Amino acid sequence: MTGQETSVLAAQPFLRGMPPAQLRALAGLCEHVTVAAGQRLFDEGSRADRFWIIDAGQVTLDASVPGRGRLKIETLGRSDVVGLSWMQPPHQWRFGAVATQPTQAFAFDASAVRKACDTDPVLGYELSQRFSAVVVRRLQATRTRLLEAWAHSEAGS
C-alpha cells in the first residue's frame, strides 16, 4: 500500500492509535478489495485465510442450520471487522459470510499477519487486544439476541 493508502487504513477505528511501525507492517499485508453484492467471502468449515475491515458496504454472517438453510447471525458494516477464525487453529471458519451490498474492504493475508505477529510482539499484542475487544462485542451482541429470542418465545407461550 502507498503512504496515502496507509493513512486511510490508519483512520479505521479498529486500527486507530496503532504504533506507526506496526501499522506500516500491516499495510504491507493487505489489499483494498471490492466484493459484489451476493458474493460469499467464505463458507463455514473452509480454511480461514483472511480477515477484512469493511470500508464501505455490508456483510452478513450466517450459519448453516440443518433443515433450515442459512441463518443470519449478524450484519456488519463500515469499520467492522469480518473474520476471527484466522487467529486460532485449526484456522477454519465457524460461520459463513456474504456481502449483502456492494462492499469495499481491506483484506488481510492471515498467514502473513500471523508470521508478522510472531516476529513482532508489539504487533501481536496490538492485534490481540483489538481482536479481543471485537470478540467481547460479538459475544455481548449474541447474548442480547438470545435474550430477545427467549423473551419473544416466552411472550408467545
- prompt: Hey, got the dipole for the chain? About the Cα centre, +1 on K and R Cβ, -1 on D and E Cβ, debye to the nearest 20?
  reply: 240 debye
message: Between 0 and 90 degrees, rounded to the nearest ten: what's the tilt of helix 121-155 against the longest Cα principal axis of the chain?
response: 10 degrees
statement: Given a Förster distance of 22 Å, the FRET efficiency implied by the Cβ-Cβ spacing of R78 and H152, rounded to the nearest 0.05, works out to 0.15
query: Stokes-Einstein D for segment 76-157 at 4 °C, 1.567 mPa s, Kirkwood Rh over Cα pairs, in µm²/s?
result: 85 µm²/s
- prompt: How many angstrom separate the Cα center of segment 97-157 from the Cα center of segment 45-84?
  reply: 9 Å
- prompt: What length, rounded to one decimal in nm, is gained on full extension from D120 through to Q140, with 0.36 nm per residue of separation minus their alpha-carbon distance?
  reply: 4.2 nm
statement: By the Kirkwood definition, with r running over pairs of different Cα atoms, segment 32-83 has a hydrodynamic radius in Å of 12.1 Å
field: Residue-averaged 222 nm ellipticity for the chain, from DSSP H runs of 4+ at -39500 (n - 2.57), nearest 500
entry: -13000 deg cm²/dmol
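Under a 1.4 Å probe, what is the accessible area of segment 21-157 per residue, stated in Å²?
56 Å²
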message: How large is the accessible surface of T34 in square angstrom, using a 1.4 angstrom probe and rounding to the nearest 10?
response: 110 Å²
statement: Here P(r) for the chain, Cα-Cα distances in 10 Å bins, as whole percents, is 10, 37, 35, 13, 4, 1
statement: Taking Cα atoms, the helix 110-119 axis meets the longest principal axis of the chain at an angle in degrees (rounded to 10) of 50 degrees
field: Kirkwood estimate for segment 81-129, i.e. one over the average of 1/r between Cα atoms, Å
entry: 12.4 Å
- prompt: Considering amide H positions built from the backbone, and no H for Pro or chain starts, which residues 5 or more places from I73, or on another chain, come under 5 Å of its amide H?
  reply: L61, D62, A63
- prompt: So who's got an amide H within less than 5 Å of the one on R50, skipping anything under 5 residues away but keeping other chains? H placed 1.01 Å off N, in plane.
  reply: A110
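Are there any trypsin sites (Lys or Arg not before Pro) in segment 81-125 that are in a DSSP loop and have at most 16 other Cβ atoms within 10 Å? List them by number. Intermediate results must be reported in sequence, preceding the final value.
Working: sites: R94, R114, K115; in loops: R94.
When the trypsin sites (Lys or Arg not before Pro) of segment 81-125 are filtered for loop state and at most 16 Cβ neighbours within 10 Å, R94 remain.
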message: Apply the a/c threshold of 1.5 to the C-alpha gyration tensor of segment 1-76 and tell me whether it is rounded, prolate or oblate.
response: prolate
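The values are calculated or read from the model by the stated rules, or taken from the named source; none is laboratory data. Fair warning: this is a prediction, and the values are worked out from it, not measured in the lab. Quick reminder, even Gly has a Cβ in these numbers, built from the backbone with ideal geometry, and neighbours come from all protein chains shown. Note: areas computed on protein heavy atoms with side chains; ligands, DNA, RNA excluded. Shrake-Rupley method; radii C 1.70, N 1.55, O 1.52, S 1.80 Å.
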